[in-house]
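The values are calculated or read from the model by the stated rules, or taken from the named source; none is laboratory data. Because the structure is predicted, anything quoted here is derived from the model rather than measured. FYI the Cβ positions are ideal-geometry reconstructions off the backbone, even for glycines, and counts take in every protein chain you see.
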Amino acid sequence: MKNTYFTVGPSQLYPTVKNHLLKAIEDDVMSLSHRSKVFQGWVKEAKDRLRQLLTIPTDHEIFFLGSGTEGMERVIENTVKDSSFHLVNGAFSKRFYQTAKQLGKNASKAEVAPGTGFDFAKISPPKKAEIMCFTHNETSCGVMLPTKDLQVFIRRYPKILTAIDIVSSAPYASLDFRLFDCVFFSVQKGFGLPAGLGVIVVSPRAIEKASYLQKKGMSIGSYHSFLELKKYADKWQTPETPNVLAIYLLNRVIDDFLKVGIAKIRQETDQKAKLLYSRLAKQAKFELFVKDIAYRSPTTLVAAVRGGSLELVKALKAKGLLVGAGYGDNKEKHIRIGNFPATSLAQVKKLIAALG
Ligand SMILES: *Cc1c(COP(=O)(O)O)cnc(C)c1O
């Protein structure tokens, strides 16, 4: 029996990945030089397609990193002289905040309990904040920030840089990239690919800031500083030997996404989420963790299971349906369901039937 992974990362592979992998082996993709014209062609194609898929402005740079977590560190190193401001409502947004502290920055935060969203009317960044850092979808507790409210908030502070983690909301997230200076994600969640590749989209303002910090004599990192990344990106290359296979697969899968159409992908995600949420809400043994409908994530659904989630996770696994356990302290209390493009409506219906 083949398993279906409704886990929140790594997650189900997109159905076309198997054939792309076989083709990659056939075509010696993994032995190809990362300085070759062929590789440069894939890099260009992958970036052009990603731009088209997510509507990324042409003046924003697209760089490859090793992971989503790396995105947090690069953002802080390259854009913050002294102060960053973070919206924290769970483990991943907290990690972003802690990364800034670990790098010796003066990080401040607006924090709410996991499972809740933010009242943007009541939040204001400190005067000295150079960047505001957001986690679009808090994977630990299933809260997605409503994009419209978030963007209205950001427009109030045009002088402050902005960074957003879309690791578990991409490619579903429909952002106005002109409002964000740094946007990053990794590929093992919504893109249905093996782990080991991160992507960051960087605005001209953020590049200028990195350049300013370097001129001031501050460290902006080494081979993955925005300036070093840009130097190589200008030649459709990467500073280091990158995960060539992952870039090849990303290019192929984005091509598949474009053939389906991003509007359809988003609409199917909404449709599957609606079915899952209505089943979880109807069943007495579940309690949705996010109470306010406006903040319930379509890509990461979290429910408390009465009497504990361990047995249910095990029973589903026996049926080939893998869901995530709760995060951290909620490991044995919650289930988390990843709802990404790789799982079909039919597979989601099978999961719904198995939820009892
Ligand atoms: C998974 C996740 C990360 C970490 O990404 P990695 O690729 O594992 O480093 C960061 N932020 C969010 C919101 C995530 O869901």
Self-check item: Matching entry among 284, 318 (being farther than 20 Å from residue 113 by Cα and free of Cβ contacts under 8 Å to residues at least 12 places away in the same chain)
Solution: 318
Quiz item: Since residue 156 meets every condition but one in (1) buried (at least 24 other Cβ atoms within 10 Å of the Cβ); (2) more than 11 Å from the ligand (Cβ to nearest atom), which condition does it not meet?
Solution: (1)
Quiz item: Do the conditions hold for residue 322, that is, is it surrounded by 21 or more Cβ atoms within 10 Å (Cβ to Cβ), at pLDDT 95 or above and over 20 Å from the mean Cα position of the chain (by Cα)?
Solution: no
Practice problem: Kindly indicate whether any position in the range 164-172 is within 10 Å of the ligand (Cβ to nearest atom), under 18 Å from residue 337 (Cα atoms) and of a type in the set (D, E, K, R). | Solution: no
Quiz item: In the range 121-137, what residues are more than 16 Å from the ligand (Cβ to nearest atom) and part of a loop (DSSP other than H, G, I, E, B)?
Solution: 123, 124, 125, 126, 127, 128, 129, 130
Exercise. Go through the range 179-195 residue by residue and tally those that are within 12 Å of the ligand (Cβ to nearest atom) and charged (D, E, K, R).
Key: 1
Quiz item: Restricting the search to the range 234-256, which residues are buried (at least 20 other Cβ atoms within 10 Å of the Cβ) and either of a type outside the set (Ser, Thr, Tyr) or closer than 18 Å to residue 184 by Cβ (or both)?
Solution: 238, 243, 244, 246, 247, 249, 250, 251, 252, 253, 254
Quiz item: Can you pull out the residues in the range 200-232 that are surrounded by fewer than 24 Cβ atoms within 10 Å (Cβ to Cβ) and within 15 Å of the ligand (Cβ to nearest atom)?
Solution: 224
Practice problem: Go through the range 156-171 and count every residue that is of a type in the set (D, E, K, R) and assigned to a strand (DSSP E or B). | Solution: 1
Quiz item: With (1) within 16 Å of the ligand (Cβ to nearest atom); (2) within 29 Å of residue 247 (Cα to Cα) as the list, and residue 150 as the residue in question, which single condition is left unmet?
Solution: (2)
Quiz prompt | From 140, 174, residue being of a type outside the set (A, V, I, L, M, F, W, C), assigned to a loop (DSSP other than H, G, I, E, B) and surrounded by fewer than 17 Cβ atoms within 10 Å (Cβ to Cβ) | solution = 174
